[in-house]
Amino acid sequence: MSKALLYDATMCIGCKQCEAACAQQNKLPYDDRVAAESVQSEHKYTVVMTKDDKFMRRLCMHCERPACASVCPVGAFHKTKEGPVVYDVWKCIGCRYCMVACAFAQPKYEWGSLNPRVRKCIMCPDRVVAGKQTACAEICPTGATKFGDRDDLIKEAQDRIRDNPSNYQPRIYGLHEVGGTCVLILSGMNVEEYGYPASAKIGDTPMPEYTGRVMEKIPDFIPVWSLVLGGIYWISHRREEVAAAEGGEKNGSKR
Amino acid sequence: MKIKLTFWRVVFLLIMAMGLYSTFVRYFYGLGAVSNMTDQFPWGLWIGFDCLCGVMLAAGGFCVIGAVYLFNVERLHSVVRPAVLTAFLGYLLFIVGLLFDLGRPWYIWHQLIYMNPHSVMFEVGMCVIAYTTVLFFEFLPNVLERFNLKTPIKWINKIYAVLVVLGILLSTLHQSSLGSLYLIMPSKLHPFWYTPALPFLFFGSAIAVGLAMTIFESTQSAKALGRHLELPVLVELGGALLVALWVNALLRFEDYVHRGMLGQIIKPSYEAYFLWLELTLAFVIPITMLSFKKVRLSPQGLYLASVISLLGFITNRLNVSLTGFETYVGHHYMPKWTEFSVTLMIIAMGFALFGVAVKYLPIFPEEERAVKRSLPSEPEPEVATAVLSHAGD
Ligand code: SF4
Ligand code: SF4
Ligand code: SF4
């Protein structure tokens, strides 16, 4: 069963310890200056944003059907069965299609590097496979970021909304968006106000399906189209041969 | 042999010098230093122009080959070679462009061993590799003829049918797939340009552009080489271009009607201005021009209409790849001068290589062969003066 993270913005106190733990886990620089940065970047996989005394975290959503993995020409991204969407830098050729395709704009790039990598939260796959929590969930002092089985977390989120309906927007962001994600968000405010794409805009259809509808036709298209083209070629050159055989007064000039 | 320093040579040298400087910046300081691309705008001018437009502008090869070998439009025979040459150079330069744009170009060969069949870009990549190979073989006879190597030419002629069919198949696939690249971004690309019909529109525009490009390059090289323009060829191409433009225009219209967008596209907005520019250049002006018989029969008219429609389709690709994302991102993207200079350098290399090739290889038919094939009714003197007056401006 796939693992997931549940982030409950109403429980978050904005201590940014998840940011620090993530940086340490992924060997990224972290100091006061980085802590003050309010956007994700190639050296900041996750960010805690503040707005009117309320907090909101952003990180890769670990989509069930990730766009980043489906578009990558060399398959540098892939969805593990445990849930994390991971990146193999060796395969990457740096086309940045993953960045353009991700509806959550999660992959970031090392623009200043001469051998740049795509960077994003990878959901601590080593820890997850070893049966541990992610670094950010482990350090969270209030349980605002919680690690667990996706199904369990969905149930828990539903319970929280039911028990405290006045605290929450009545939805779990990530439950259905783009076909479901392994990061689930509960919040008192609309997540869209923090830069998350609107549910209505991204929809519930897994992004890869938009391309799949066309791509799946190709295996049939190739033989059919080859036959058609070959047929036309044969017919038009048959004519020429016939014309030539008939004495070729006017070779191939009229049809 | 002494080399004269003409105006265009100076321009060429300047472009190359700036391009080389930018190349240096690109490979010694990275993509961030050479371009205005950011995490919000990961694809810039190099994808929008060098790749999307580059491949589109190289479509003349398969269009002309298709017309001549599938539909027996014998008259176009004389433009097969220049069209194949343009296409071959176009794809080579597209690959050069990729080497600039890819963050890790030294791993470009990974494409061949780590395949992701679900990726449109993988499909485009494979098609481009295969098609460039096909074009190489379609182009090779020029070189072989130059050195009088008869046997290999015979081999190539034997497989020519395969090359023709394969070339058109591969072109159909990747020209349309360039449009499919954007299908996965329904929430990002502006609805003026995001449509499930993108692959069809991209394929359709490739055909129109292929025809326009063939008119453009034959006129251009006739001018440069001081050759006669074969008017009947241009007229044939111009007629086909008019039809192709109509089909494209109807496809676009149909798509907007189908998606209920007509009300929005006539309302002024930032995107609407760019859309209007695109539609005017690609369709309104050239279709109007070509509807006049006088224009369809005049080399300058055909040339002008083609160039305008080319600009229109280039605007279209830039709209799809750049303008269409600005509202989503929330700010504008303007390429850095170093980005422009790399693009210019690649274009200049294209012109230069084309010039060298037509000079040293039998790309254009010998003058006497051309005369033999031309119709008796051909108004040669008129064309010659037209060419002259053209060369003057
Ligand atoms: S949020 Fe973006 S980067 Fe993360 S898994 Fe989904 S598509 Fe990939
Ligand atoms: S940048 Fe790398 S990871 Fe992203 S799509 Fe391209 S090859 Fe794949
Ligand atoms: S899951 Fe791991 S990589 Fe992702 S934000 Fe948390 S600590 Fe960072």
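The values are calculated or read from the model by the stated rules, or taken from the named source; none is laboratory data. Since we're looking at a predicted model, the values are computed, not measured. Please note: Cβ atoms are built from the backbone with ideal geometry, for glycine as well, and neighbour counts cover all protein chains shown. Only protein heavy atoms, including side chains, enter the accessible area calculation; ligands, DNA and RNA are left aside. Shrake-Rupley method; radii C 1.70, N 1.55, O 1.52, S 1.80 Å.
The table for this structure:
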| item | result |
| --- | --- |
| Translational diffusion of region A:46-155, µm² s⁻¹ [Kirkwood Rh, Cα pairs; Stokes-Einstein; 10 °C; 1.306 mPa s] | 104 |
| Residue A:53 accessible area, 1.4 Å probe, all protein chains in place, Å² to nearest 10 | 140 |
| From phi via Karplus (6.51, -1.76, 1.60), per-residue ³J(HN,Hα) for region A:77-84 in Hz, x at Gly/Pro | 9, 8, 8, 7, 6, 6, x, x |
| Qualifying aspartates and glutamates (Cα of each under 20 Å from Cα of residue A:51; at least 8 residues distant if same chain) | A:8, A:19, A:32, A:37, A:192, A:193 |
| Karplus-derived HN-Hα couplings along region B:352-363 (A = 6.51, B = -1.76, C = 1.60, θ = phi - 60°), whole Hz, x at Gly and Pro | 5, 5, 4, x, 4, 4, 5, 6, 9, 10, x, 6 |
| Inter-site label distance for residue A:24 and residue A:226 at 7 Å from Cα along Cβ, in nm | 5.8 |
| Highest to lowest packing among B:259-270, B:165-176, scored as the average C-beta count within 10 Å | B:165-176, B:259-270 |
| Dipole of region A:3-207 [Lys/Arg +1, Asp/Glu -1 at C-beta], most positive-end residue of A:67, A:7, A:116 | A:116 |
| Pair residue A:175, residue A:163: separation of 7 Å Cα→Cβ label points (nm) | 1.7 |
| Ranking by accessible area, most exposed first, for B:69, B:328 with a 1.4 Å probe | B:328, B:69 |
| Size of charge dipole - the protein assembly as shown - debye, nearest 20, with Cβ of Lys, Arg +1 and Asp, Glu -1, no other charges | 900 |
| Theoretical ellipticity at 222 nm over chain B - DSSP helices of four or more residues, -39500 (n - 2.57) apiece, nearest 500 | -22500 deg cm²/dmol |
| Greater than 28 Å apart at Cα, pairs in A:27/A:79; A:108/A:155; A:79/A:146; B:267/B:336; A:79/A:132; A:27/A:108 | A:108/A:155; B:267/B:336 |
| Net lengthening on full extension, residue B:327/residue B:292 (0.36 nm per residue, minus Cα-Cα) | 8.7 nm |
| Whole-percent pair-distance distribution, where bins are 10 Å wide, for the alpha carbons of chain A | 7, 26, 30, 14, 6, 6, 5, 4, 2, 0 |
| P(r) weight above 34 Å for region B:45-350, C-alpha pairs, percent | 22 |
| Chain A: calculated mean residue ellipticity at 222 nm from DSSP helix runs of at least 4, using -39500 (n - 2.57) | -9500 deg cm²/dmol |
| Long-range HN-HN contacts of residue A:57 with modeled amide H, under 5 Å | A:49 |
| Cα-centred dipole magnitude for chain A, charges only on beta-carbon of K, R (+1) and D, E (-1), debye, nearest 20 | 420 |
| Residue A:2 long-range amide H proximity, modeled H, under 5 Å | A:150 |
| Net lengthening on full extension, residue A:240/residue A:192 (0.36 nm per residue, minus Cα-Cα) | 10.7 nm |
| Dipole in debye (nearest 20) - chain B, about Cα centre, beta carbon charges: Lys, Arg +1; Asp, Glu -1 | 580 |
| Heavy-atom accessible area order for A:57, A:171, A:160, largest first, 1.4 Å probe | A:171, A:160, A:57 |
| Isolated Cys residues of chain A, judged by Cβ distance under 4.7 Å to other cysteines | A:12, A:15, A:22, A:63, A:72, A:92, A:95, A:102, A:124, A:140, A:182 |
| Virtual paramagnetic centre 7 Å along Cα→Cβ of residue A:39, amide N under 12 Å, in region A:81-113 | A:109 |
| Farthest toward positive dipole pole in chain B [+1 Lys/Arg, -1 Asp/Glu at C-beta], among B:231, B:31, B:136 | B:136 |
| Residue mean of other protein chain beta carbons inside 10 Å, B:35-41 | 4 |
| Calculated FRET efficiency for the pair residue B:276/residue B:150, C-beta based, R₀ 45 Å, to 0.05 | 0.25 |
| The protein assembly as shown: translational diffusion in µm²/s, Stokes-Einstein, Kirkwood Rh over Cα pairs, 10 °C, 1.306 mPa s | 58 |
| Accessible-area order (highest first, 1.4 angstrom probe) of the listed residues A:237, B:110, A:78, B:332 | B:332, A:78, A:237, B:110 |
| Whole-Hz couplings from phi, Karplus 6.51/-1.76/1.60, listed for region B:156-164; x for Gly and Pro | 4, 4, 5, 9, 4, 4, 5, 4, 4 |
| Under-5 Å amide H pairs with residue A:186, H placed in peptide plane, nonlocal only | A:7, A:8, A:9 |
| Rounded to the nearest 10 Å², the accessible area of residue A:216 at probe 1.4 Å | 120 |
| Mean Cβ neighbour count within 10 Å, used as a protection proxy, ranking A:174-183, B:52-61, B:11-20, B:216-225 highest first | B:52-61, A:174-183, B:216-225, B:11-20 |
| With DNA, RNA and ligands ignored, accessible area of residue B:276 (1.4 Å probe; Å², nearest 10) | 90 |
| Spin-label pair residue B:251/residue B:159, simplified geometry with 7 Å Cα→Cβ offset, distance in nm | 3.1 |
| Candidates B:341, B:309, B:205: whichever shows maximal mean-square fluctuation once chain B is modelled as a Gaussian network with Cα springs under 10 Å | B:341 |
